[in-house]
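Every number in this text was worked out from the coordinates using simple rules, so none of it is lab data. Small disclaimer: the values here were computed from a predicted structure and weren't measured. For neighbour counting, all protein chains shown are included, and Cβ atoms are generated from backbone atoms with ideal geometry for every residue, glycine included.
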Amino acid sequence: MLVIILAVGVLSWLIRALPFLLFGRGERPPKAVTYIGRVLSPAAIAMLSVYCYAGYVNARPPLEHLAMLAEFAAGAVTVVLQWRWRNPPLSIAVGTILYMVLVRFF
């Protein structure tokens, strides 16, 4: 058990230290790294959203698809808020609150 804890600790430290070891000399990272850092997060969110909505649609009978309006409305509001203000905590909080209100009262 101690060996596993030590291995995880060392690997965690190495993963966090690697960017500083590679780019810590005041040099700019390569353009490919900058590009990946810019597009990876939105791509991951888009992929997870499509996966979740597709799974949700496939798991429900066709007559219950109308009940998904709360999910789609909250998702659309979240996307619009993020696109407009680029503030993830705000977008997530408002989208979650809207979803909870719609599911609770409608």
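Miscellaneous remarks
- Which labelled figure in (i) 2, 10, 12, 15, 12, 11, 11, 11, 9, 6, 2, 0; (ii) 2, 12, 22, 23, 21, 13, 6, 2, 0; (iii) 2, 10, 13, 12, 10, 9, 8, 7, 6, 6, 5, 5, 4, 2, 2, 0 is P(r) over Cα pairs in 5 Å bins from 0, in percent, once derived from the coordinates: (i)
- Trypsin sites (Lys or Arg not before Pro) within the stretch 49-106: DSSP coil, no more than 15 neighbouring Cβ in 10 Å: R86
- Here the calculated FRET efficiency for S12 and N87, from their Cβ-Cβ distance with R0 = 30 Å, stands at 0.55, rounded to the nearest 0.05.
- Mean separation of Cα pairs under 8 Å and 6 or more residues apart, divided by the residue count, gives the chain a relative contact order of 16 percent.
- Highest-MSF residue in the chain out of I15, I45, I36 [GNM, Cα springs under 10 Å]: I15
- Dividing the summed helix terms, -39500 (n - 2.57) for each DSSP H run of n ≥ 4, by the number of residues in the chain produces a 222 nm estimate of -28000 deg cm²/dmol to the nearest 500.
- Dipole moment magnitude, nearest 20 debye, the chain about Cα centre, only Lys, Arg, Asp, Glu C-beta charged: 420 debye
- Which of P62, P30, L48, positive extreme of dipole for the chain (C-beta unit charges): P30
- GluC sites (Glu not before Pro) restricted to DSSP loop in the stretch 16-104 with at most 16 other C-beta within 10 Å: E27
- Short-range pairs are left out: with C-alpha atoms under 8 Å and at least six residues apart, the relative contact order of the stretch 51-106 is 31 percent.
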